[in-house]
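Let me begin by presenting the structure, written as structure tokens, before commenting on it.
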Amino acid sequence: EDQVTQSPEALRLQEGESSSLNCSYTVSGLRGLFWYRQDPGKGPEFLFTLYSAGEEKEKERLKATLTKKESFLHITAPKPEDSATYLCAVQGAGGTSYGKLTFGQGTILTVHP
Amino acid sequence: DGGITQSPKYLFRKEGQNVTLSCEQNLNHDAMYWYRQDPGQGLRLIYYSQIVNDFQKGDIAEGYSVSREKKESFPLTVTSAQKNPTAFYLCASSPLAGYSNQPQHFGDGTRLSIL
């Protein structure tokens, strides 16, 4: 069974204070690891897909990296508008043939001005 | 603009009542999904559909039903058999299920509460 664990559960940063969010996973044949951002009362917004260990993707102040066991979402010089819940999900190749995603519980990021 | 529209945004259910949540997409995606989100938990898959007139149970299908009569529509019915329906319900779609690893895109959810 695929599993995803995100840490920390909550992270409070000052504006400009860089940090990282962790996503540890176990999956039978990784087909993709996905990062989403979710604002309160809204649906998740897609950020990145990573497919293989060593891959990196960047978007503005966010950079996602992937190893065989975990992914990191690095936030450089965050701003208050980066405050949100960040979700990690994996899609495995084992078992079923549909695009099932297994989600972590999320990290709630708060950036103070 | 292409996207996924969920309605209503808020819904209240009385004891013994069935309620239906609407999900419409204009992205021309083949696959559609329903998830349930509870505080402090990851999203859990209720039902999914890869093609019109076909759908499969996810991890927590008991007390729910769906239909897929049109490519763009995937309504979810929360039946009276679902004893703990209070949650945030999210609909998603992706270009092709199965062996495609395209990201799923989400609507803005429906929050269901018990009266």
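Each reported figure results from applying straightforward, stated rules to the coordinates on display, with no laboratory input. Keep in mind that what you see is a predicted model, and the values were worked out from it rather than measured. Don't worry about glycine lacking a Cβ; one is built from the backbone with ideal geometry, like all the others, and counts go over all protein chains shown.
Put a plus charge on the Cβ of each Lys and Arg, a minus charge on the Cβ of each Asp and Glu, and nothing anywhere else: the dipole of chain B about its Cα centre is then about 300 debye. Contact order, relative form, for chain B: 35 percent (alpha carbon pairs under 8 Å, 6 or more residues apart, mean separation divided by residue count). Antiparallel versus total DSSP beta bridges in the protein assembly as shown: what percent is that, nearest 5? Antiparallel bridges make up about 90 percent of those DSSP assigns within the protein assembly as shown. Only Cα pairs under 8 Å and 6+ residues apart enter the sum, and on that basis the relative contact order of chain A stands at 38 percent.
Given the pairs B:14/B:70; B:14/B:83; B:57/B:83; A:68/A:100; A:63/B:9; A:100/B:9, which span a C-alpha to C-alpha distance of over 21 angstrom in this model? Checking Cα-Cα distances, B:14/B:70; A:63/B:9; A:100/B:9 exceed 21 Å. Calculated FRET efficiency, residue B:67 to residue B:14, Cβ-Cβ distance, R0 = 30 Å: about 0.85 to the nearest 0.05.
Rounded to the nearest 20 debye, the dipole magnitude of the protein assembly as shown is 360 debye, with +1 charges on Lys and Arg beta carbons, -1 on Asp and Glu beta carbons, and the Cα centre as origin. For chain A, a simple Cβ point-charge model (Lys and Arg +1, Asp and Glu -1, everything else neutral) yields a dipole of about 220 debye relative to the Cα centre. Averaging the sequence gap over all C-alpha pairs within less than 8 Å and six or more residues apart, then dividing by the number of residues, gives the stretch A:55-113 a relative contact order of 29 percent. Positive end of the dipole of chain A (Cβ unit charges, origin at the Cα centre): among A:46, A:93, A:77, the Cα lying farthest that way belongs to A:93. All other residues with a Cβ under 10 Å from the Cβ of residue A:92 taken together, and with Lys, Arg as +1 and Asp, Glu as -1, what is their net charge? Taking every Cβ under 10 Å from that of residue A:92, the sum is 0.
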